[in-house]
Amino acid sequence: MNKNSSNTMALAPNTSNKRETVCIFGTGDFGRALGHKMIQSGYPVVYGSRSTQISNLIPKDAEVLGHAEAAQKAAIIIIAIQRQHYNFLIPLAEVLRGKVLVDISNNLKLNQYPESNAEHLAQLLPGSKVVKAFNTVSAWALQSGTLDASRQVFVCGDDVEAKQMVMNIVRALGLTPLDKGSLLAAQEIENYPLQLFPMWKFPIFLSLGLTAFFFLYCVALDIIYTYIYENNDFSFFIAITIPNRVCPVMALILLALVYLPGIFAAIIQLYRGTKYRRFPDWLDKWMLCRKQLGLIALAFASLHVVFTLVTPMRAFASWRTGKGIISQASFVLNNKTEPLDHTNAWLSDSYLALGILGFFLFVLLGITSLPSVSNNVNWREFRFVQSKLGYLALILCTAHTLVYGGKWFLSPSAYKWYLPNIYMLSLIVPCAVLVVKFVLILPCVDKPLTQIRQGWERNPKYSK
């Protein structure tokens with residue numbers, strides 16, 4: 001009954017133009033910004049402060065009173081002060097009894113205290129109804145009106161009615177409330193603003209590490225080796241040539257790493273004969289950041305396209321073109337013609353066609369991963385794009401690399417210092433993924449794997 005009632009209240013528009021008075025304890029940056037936004041939304045605001053003198057920083061339509069007097073004028077009190085100053089609220093316990101206290105505080109580091117600030121406030125004032133909210137919105141965003149990046153407000157609390165009152169205020173301010181449940185969720189909500197791209201750390205560090213390795217690898221083979229053994233200074237390769245070799249390699253490897261954890265998961269499920277056992281932690285974390293790995297791979301692929309497009313404008317490219325023209329002219333002067341090599345022509349056109357098609361599917365995968373797009377397709381459609389078309393993109397990009405650099409596998413000159421070319425290294429992971437995936441889709445393997453994923457167990461004791 002309560003659940004249905006709360007849903008009805010959440011969906012019902014607020015037809016009354018009259019807003020209840022809101023009290024704010026604290027006249028700092030966030031307290032002033034929030035008060036200003038509430039006044040704009042039609043809420044009467046009263047500040048509770050140690051000093052009742054009106055400051056130029058306080059919104060002009062707000063009233064400033066002592067803490068006790070201000071608390072008596074409102075049913076909802078926003079606590080815009082730091083946790084270390086909560087003790088001044090203890091003498092006000094009777095005045096605050098039955099009031100809704102909205103804790104908006106944050107900490108300086110993750111899990112700074114054993115319990116959340118909101119839970120600590122509830123322990124100090126057991127007669128009040130504590131709700132956690134607004135801590136994920138910045139004072140600058142409230143004051144400037146640029147709330148697009150922080151429009152979502154997490155709300156949690158033990159009292160359903162109090163939580164609903166706060167969520168109504170959130171909506172009135174033009175923000176989007178998200179109910180996170182009881183006050184036990186406050187710790188998670190308080191940690192949220194302190195997290196710096198939590199799902200991006202592993203993909204970014206992995207990408208930076210691999211990029212540095214391949215960049216130095218190319219410098220060693222294309223610049224240092226050439227300078228030592230051929231006495232040619234190609235140090236300018238650092239600007240365009242080497243990045244244009246590293247970017248496609250990174251794009252291909254990261255795309256393969258998007259699908260590699262799924263391969264591991266299938267092998268583990270086949271080995272265990274059940275889906276009811278957790279994957280290892282490293283595999284769980286890897287699978288959770290596949291979207292980020294794919295987007296970084298798309299970024300590298302896009303850079304490869306840009307670098308390739310600007311290649312003809314380089315002085316080195318013009319010099320090589322000029323040498324080719326001079327060489328062709330010498331053939332003409334000697335009454336000789338160089339016939340068209342149809343094999344190279346086919347390889348060149350195939351290489352470009354495979355790259356274009358692969359990049360097109362790459363972009364399609366990136367677009368589909370956007371929340372605004374993924375929310376408008378059903379699970380089967382999303383899985384078709386991300387799985388079927390994703391593997392097709394991996395096949396095309398791998399073929400693109402094979403056609404371009406496959407000739408170097410049997411060329412002794414490609415092994416400088418007995419090291420393989422960078423394109424050979426880039427094919428190891430994607431080829432391994434595609435070979436194992438081909439084995440997994442064979443009927444003799446796919447059938448038991450499908451049964452396991454549908455709930456069948458080889459040994460039912462593992463589910464207990």
Margin query: Can you report the number of residues in the range 412-464 which are open to solvent by less than 30 Å² (accessible area, probe 1.4 Å) and modelled with pLDDT under 90?
Written below: 5
Check: Can you find even one residue in the range 210-227 that is under 23 Å from the mean Cα position of the chain (by Cα), closer than 25 Å to Phe360 by Cα, of a type in the set (A, V, I, L, M, F, W, C) and open to solvent by less than 70 Å² (accessible area, probe 1.4 Å)?
Finding: yes
Check: Of the residues that sit in the range 390-411 and are within 25 Å of the chain's Cα centre (by Cα) and among the small types (Gly, Ala, Ser), which one is surrounded by the fewest Cβ atoms within 10 Å (Cβ to Cβ)?
Finding: Gly390
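Quick one: in the range 112-137, of everything that is in contact (Cβ under 8 Å) with a residue 12 or more places away in the chain and open to solvent by 50 Å² or more (accessible area, probe 1.4 Å), which residue is farthest from the chain's Cα centre (by Cα)?
That would be Lys129.
Quick grid of which residues meet (1) within 13 Å of Tyr404 (Cα to Cα); (2) modelled with pLDDT under 85; (3) open to solvent by 50 Å² or more (accessible area, probe 1.4 Å):
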site	(1), (2), (3)
Asn344	yes, yes, yes
Asp349	yes, no, yes
Gly355	yes, no, no
Leu365	no, no, no
Pro371	no, yes, yes
Ser374	no, yes, no
Check: Restricting attention to the range 390-419, which residues are free of Cβ contacts under 8 Å to residues at least 12 places away in the same chain and under 21 Å from Phe213 (Cβ atoms)?
Finding: Ala414, Tyr415, Tyr418
Next item on the list: Looking only at the range 382-389, decide whether some residue is at pLDDT 90 or above, within 22 Å of the chain's Cα centre (by Cα) and open to solvent by less than 40 Å² (accessible area, probe 1.4 Å).
Entry: yes
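Would you say Asn111 is touching a strand residue (DSSP E or B) at 6+ places or on another chain (Cβ under 7 Å), at pLDDT below 95 and farther than 23 Å from Glu20 by Cα?
Working: touching a strand residue (DSSP E or B) at 6+ places or on another chain (Cβ under 7 Å): no; at pLDDT below 95: yes; farther than 23 Å from Glu20 by Cα: yes.
So Asn111 does not fit the description; no.
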Next item on the list: List every residue pair whose Cβ atoms sit under 6 Å apart, with the two residues 6 or more apart in sequence or on different chains, where the first one lies in the range 18-47 and is within 19 Å of Ala68 (Cβ to Cβ) and the second, anywhere, is in a strand (DSSP E or B) and open to solvent by 40 Å² or more (accessible area, probe 1.4 Å).
Entry: Val46/Glu63
Check: What number of residues within the range 66-83 satisfy the criterion of being open to solvent by 20 Å² or more (accessible area, probe 1.4 Å) and aliphatic (A, V, I, L, M)?
Finding: 4
Next item on the list: Collect the residues in the range 436-448 that are of a type in the set (A, V, I, L, M), within 29 Å of Ala297 (Cα to Cα) and touching a residue at least 24 places away in the same chain (Cβ under 8 Å), keeping them in residue-number order.
Entry: Val436, Leu440
Notebook entry, point to check: Which condition does Ser51 not pass, out of (1) under 36 Å from the mean Cα position of the chain (by Cα); (2) small (Gly, Ala, Ser); (3) modelled with pLDDT under 80, if it passes all the others?
Noted result: (1)
Notebook entry, point to check: Which residue out of Val433, Val377, Val363, Val429 is among the aliphatic types (A, V, I, L, M) and free of Cβ contacts under 8 Å to residues at least 24 places away in the same chain?
Noted result: Val377
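The values are calculated or read from the model by the stated rules, or taken from the named source; none is laboratory data. It should be emphasised that the depicted structure is a prediction, and the values quoted were computed from it without experimental measurement. Using ideal geometry, Cβ is built from the backbone for each residue, glycine included, and neighbour counts are taken over all protein chains shown. For accessibility, only protein heavy atoms count, side chains too; no ligands or nucleic acids. Shrake-Rupley method; radii C 1.70, N 1.55, O 1.52, S 1.80 Å.
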